[in-house]
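Every number in this text was worked out from the coordinates using simple rules, so none of it is lab data. Model, not experiment: these values are computed from the prediction. All Cβ positions, glycine included, derive from the backbone under ideal geometry; neighbour counts span all protein chains shown.
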Amino acid sequence: TTILLASNNAGKVRELAHLLADSPLQINAQRDYGVPEVEETGLSFVENAILKARHAAQHSGLPALADDSGLEVDALHGAPGIYSARYAGVGASDAANIEQLLADLTAVPESERTARFQCVLVYLRHATDPTPLICQGTWEGRVLYEPCGTNGFGYDPIFFVPTHGCSAAELDPETKNQLSHRGQALRQLRERLAGGLS
Ligand code: ITT
């Protein structure tokens with residue numbers, strides 16, 4: 001099956017492509033289909049992932065997979081959450097978002113810097129699919145005081161992974177995929193698709 005990956009985030013696309021490399025799904029990038037940006041007006045990861053998948057399926061005529069994800073920080077009552085990509089403003093760079101988050105947490109002690117990545121994947125067989133496949137993953141950690149490591153993307157350099165004693169950006173890509181919110185959600189999706197739901 002050829003599907004469209006409904007994301008313009010190079011980091012996500014790289015991880016999802018790697019997680020699907022040995023699957024029968026052939027993934028195409030939405031930029032090759034001229035899919036315009038869709039406004040993420042939802043109030044939840046699930047709503048935004050559905051919006052993106054539906055939009056991509058509509059424009060391409062292909063089944064579509066969308067990822068909506070973000071970092072929830074307990075000391076900020078769950079922010080940036082669904083606004084993670086634009087925490088420092090629309091179009092902000094990863095570096096600017098990190099800087100903003102570190103500034104907001106300067107006075108917060110280590111024990112109160114708990115956070116988690118959330119990922120919701122939505123797979124639509126076609127634009128009006130009434131039963132979308134929805135899979136979710138969560139990855140627990142803590143926000144560091146300064147960036148560490150150069151792998152990954154987004155908030156990885158300031159996300160401390162307690163089980164491995166380093167930041168997510170210090171993990172090699174395979175290890176990150178084994179542990180991450182996205183890896184968990186995608187493995188779930190693969191099982192459900194293999195179970196005949198496609
Ligand atoms: P698309 O909508 O085109 O997929 P986006 O970057 O706008 O790209 P989101 O709205 O889902 O996607 O925002 C997710 C943000 O959460 C992303 O930009 C990162 O800053 C952060 N994020 C998600 N997963 C992450 C990960 O594995 N590591 C680090 N940061 C992550």
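Numbers below:
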read-out	value
Whole-Å distance, taken between Cα centres, linking the stretch 150-198 and the stretch 124-139	19 Å
Amide H contacts of Gly78 (H built 1.01 Å from N, under 5 Å, at least 5 apart or other chain)	Val73
Cα centroid separation - the stretch 20-56 against the stretch 74-116, whole Å	24 Å
Ranked packing of 45-51, 107-113, most packed first, by mean Cβ within 10 Å	45-51, 107-113
For the chain, built as a Gaussian network whose Cα springs stay under 10 Å, the top-fluctuating residue of Glu15, Glu39, Glu174	Glu39
Charge sum, other residues only, whose C-beta stays under 14 Å from Cys166's C-beta, Lys/Arg counted +1 and Asp/Glu -1	-2
Derived scalar couplings ³J(HN,Hα) [the stretch 156-166; Karplus, 6.51 cos²θ - 1.76 cosθ + 1.60; whole Hz; x for Gly, Pro]	3, x, 10, 9, 7, 9, x, 5, 10, x, 8
Packing-based ranking, highest mean first, of 4-10, 144-150 given that Cβ atoms within 10 Å are counted	4-10, 144-150
Candidates Gly81, Gly34, Gly152, ranked by Gaussian network fluctuation over the chain, Cα under 10 Å, top entry	Gly34
Packing rank of 57-64, 188-195, 95-102, where each peptide gets the mean count of other beta carbons within 10 Å, highest leading	57-64, 95-102, 188-195
Per-selection Rg to Rh, the chain - Cα, Kirkwood hydrodynamic radius	0.97
